[in-house]
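Note sheet for the following structure.
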Amino acid sequence: MSVKTLPLAEPRVLGYLHHAYVLSIAGNCPNFEDWYYSSYVQIYDDYLSGGLNFYEHDFTRFRQPLLDHHSMCMDAFMKGRYDVVEFAKHCLDTDYYFYTFVDERYIPGKGAFKAKVTFPHEIMIFGYDDSAKQFHAIGFSDKFQYEKFTVGFEHFAQGFNNLKMTASYMNNIHLLKPAYDAEYPFRLKQVASLLEDYCLSRNTSEQYSMVREPYRSAFGMACYDYLIEYFEQLLKGKVQLKINSLHILWEHKKCMIDRVAYMQRKHGLLRDFDLGPLKEVERLAYKTRDEIIVFSLSNDPKCFQNVIKYLGQLKVKETAALGLLLDRISSLVPA
């Protein structure tokens with residue numbers, strides 16, 4: 001009997017699993033911080049959907065230099081009647097993390113399993129134990145904590161084989177491995193460009209129209225207006241609450257602070273830059289996010305009114321704070 005476990009780094013973004021999974025793997029690479037702080041700058045919002053997210057030029061999120069990535073169609077795999085348990089174990093034996101979708105109705109410990117309702121969702125397997133007949137996986141618990149858990153071979157196979165795909169992106173099995181030898185230097189010019197896009201609300205995806213249709217979304221500072229409108233619609237009962245966006249908003253502000261600290265520590269840049277205004281923005285974003293937690297306990301719609309007020313304040317404070325940061329970073333980029 002054999003046991004296999006692949007290493008997991010602590011992800012710096014948890015608002016969505018597709019970020020957490022990629023960062024848990026890529027975070028093992030020596031050049032991870034150079035890539036991460038060069039890339040996680042811009043955000044976008046799908047109009048009035050409450051779907052705030054970090055922008056990445058490739059929608060699959062896997063075509064990036066720190067990952068060795070292969071994928072296959074899940075429906076073709078199922079039609080071949082292959083044994084997904086044995087296949088996943090073979091992938092892990094060759095050091096590939098196994099990332100796919102399952103119906104969590106069949107996964108013990110998940111909310112859908114307890115409620116006996118269908119819920120297609122992501123899962124990433126990073127190990128297995130043959131003697132216990134279990135996979136080691138990671139994801140959100142029923143209490144929304146990102147944590148490791150075990151799932152029996154049989155339960156995983158049931159969740160995989162009974163998945164009813166509700167979107168095309170679910171029709172994939174992704175095999176991911178850290179590209180340990182990949183070289184990726186910190187790209188100051190890219191940071192300056194993305195930060196300028198953010199401050200000016202430019203649609204960054206238009207730069208990649210040769211590989212995919214540009215997003216029809218709000219970008220950068222303009223996201224505040226759409227988030228405010230979304231929560232106004234939420235107060236009127238016209239849309240459903242989504243909890244991810246305000247967490248992503250806070251993670252974005254935290255990333256801004258961490259990037260400057262990284263530039264100071266690793267590259268000796270911006271050493272005299274005052275982080276005070278950015279930290280004030282981050283604290284207010286955290287306070288805004290916490291209103292959703294308060295609402296979950298109180299069901300008081302006043303929480304949404306507070307969110308709207310705080311978002312307006314955040315837009316003003318961040319405009320000033322990032323204006324100073326953009327001026328300093330731009331001055332460091334060769335003409």
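Determine, for each peptide in 106-116, 70-80, the mean count of other beta carbons within 10 angstrom over its residues, then list the peptides with the highest first. Walk me through the numbers on the way to the answer.
Working: 106-116: 16.6, 70-80: 12.8.
Peptide ranking by packing, descending: 106-116, 70-80.
Could you work out what % of the accessible surface of segment 290-335 is carbon and sulfur, using a 1.4 angstrom probe and leaving DNA, RNA and ligands out of the count?
Roughly 61 percent, rounded to a whole number.
If only Cα atoms are counted, what is the Rg of segment 191-335, and what is its Dmax, in Å?
16.9, 54
If the chain between TYR82 and ASN162 were fully stretched, how many nm would it gain, using 0.36 nm times the residue separation less the Cα-Cα distance? Walk me through the numbers before you get to the answer.
Values: separation 80, 0.36 × 80 = 28.80 nm, distance 1.41 nm.
Additional length available on full extension: 27.4 nm.
May I ask for the equivalent-ellipsoid semi-axes of the chain, computed as the square root of five times each C-alpha gyration tensor eigenvalue and listed largest first in whole Å?
Three semi-axes, in Å: 35, 26, 18.
What's the percent breakdown of Cα-Cα distances in segment 100-153 across 5 Å bins, shortest bin first?
Distribution as computed: 5, 21, 31, 27, 13, 4, 0 percent.
Only residues of segment 57-101 count here: report those whose backbone N is under 16 Å from the spot 7 Å along Cα→Cβ of MET210, or say none.
57-58
Which net charge results for the neighbourhood of PHE98, defined as the other residues with beta-carbon distances under 14 angstrom from its beta-carbon, given Lys and Arg at +1 and Asp and Glu at -1?
So the environment of PHE98 carries a net charge of -3.
With every protein chain present, what is the per residue accessible area of segment 21-132 (1.4 Å probe, Å²)? Show your work: numbers first, answer last.
Working: 4360 Å² over 112 residues.
Ligands and nucleic acids excluded, the result is 39 Å² per residue.
Sorted from largest to smallest, which semi-axis lengths in Å does the alpha carbon gyration tensor of segment 257-324 give for its equivalent ellipsoid, taking the root of 5 times each eigenvalue?
Taking √(5λ) for each Cα gyration eigenvalue gives 31, 13, 6 Å.
What ranking of SER193, SER168 comes out by heavy-atom accessible area, probe 1.4 Å, highest first?
SER168, SER193
To check my understanding: the extent here is largest minus smallest coordinate of the Cα atoms along each principal axis. What are those three numbers for segment 106-254, in Å, largest first?
Ordered largest first, segment 106-254 gives principal extents of 55, 52, 30 Å.
What are the trypsin sites (Lys or Arg not before Pro) within segment 178-215 that DSSP puts in a loop, where the Cβ has at most 14 other Cβ atoms within 10 Å? Don't skip to the answer; put the middle values down first.
Details: sites: ARG187, LYS189, ARG202, ARG212; in loops: ARG187, ARG202, ARG212.
In loop regions of segment 178-215 (DSSP not H, G, I, E or B), the sparsely surrounded trypsin sites (Lys or Arg not before Pro) are ARG212.
Between LYS116 and PHE144, what's the calculated FRET efficiency when r is the beta-carbon distance and R0 is 22 Å? Round to 0.05.
Values: r = 20 Å, r/R0 = 0.90.
Computed FRET efficiency for LYS116 and PHE144 comes out at 0.65.
Could you check how much of the accessible area of segment 124-268 is carbon and sulfur, as a whole percent, using a 1.4 Å probe?
Taking all protein chains in place, segment 124-268 shows 48 percent carbon and sulfur surface.
At 27 Å minimum axial length over the Cα atoms and a Kyte-Doolittle cut of -0.5, report the qualifying DSSP H helices in the chain, or say none.
276-298, 302-332
Please calculate how many Å² of accessible area segment 160-304 carries per residue, with a 1.4 Å probe and no DNA, RNA or ligand atoms counted.
It amounts to 52 Å² per residue over segment 160-304.
The values are calculated or read from the model by the stated rules, or taken from the named source; none is laboratory data. Because the structure is a prediction, the values reported are computed rather than measured. Because the Cβ atoms are built from the backbone with ideal geometry, glycine has one as well, and the counts that use them run over all protein chains shown. Calculation scope for accessible area: heavy atoms of the full protein, side chains included, ligands and nucleic acids excluded. Shrake-Rupley method; radii C 1.70, N 1.55, O 1.52, S 1.80 Å.
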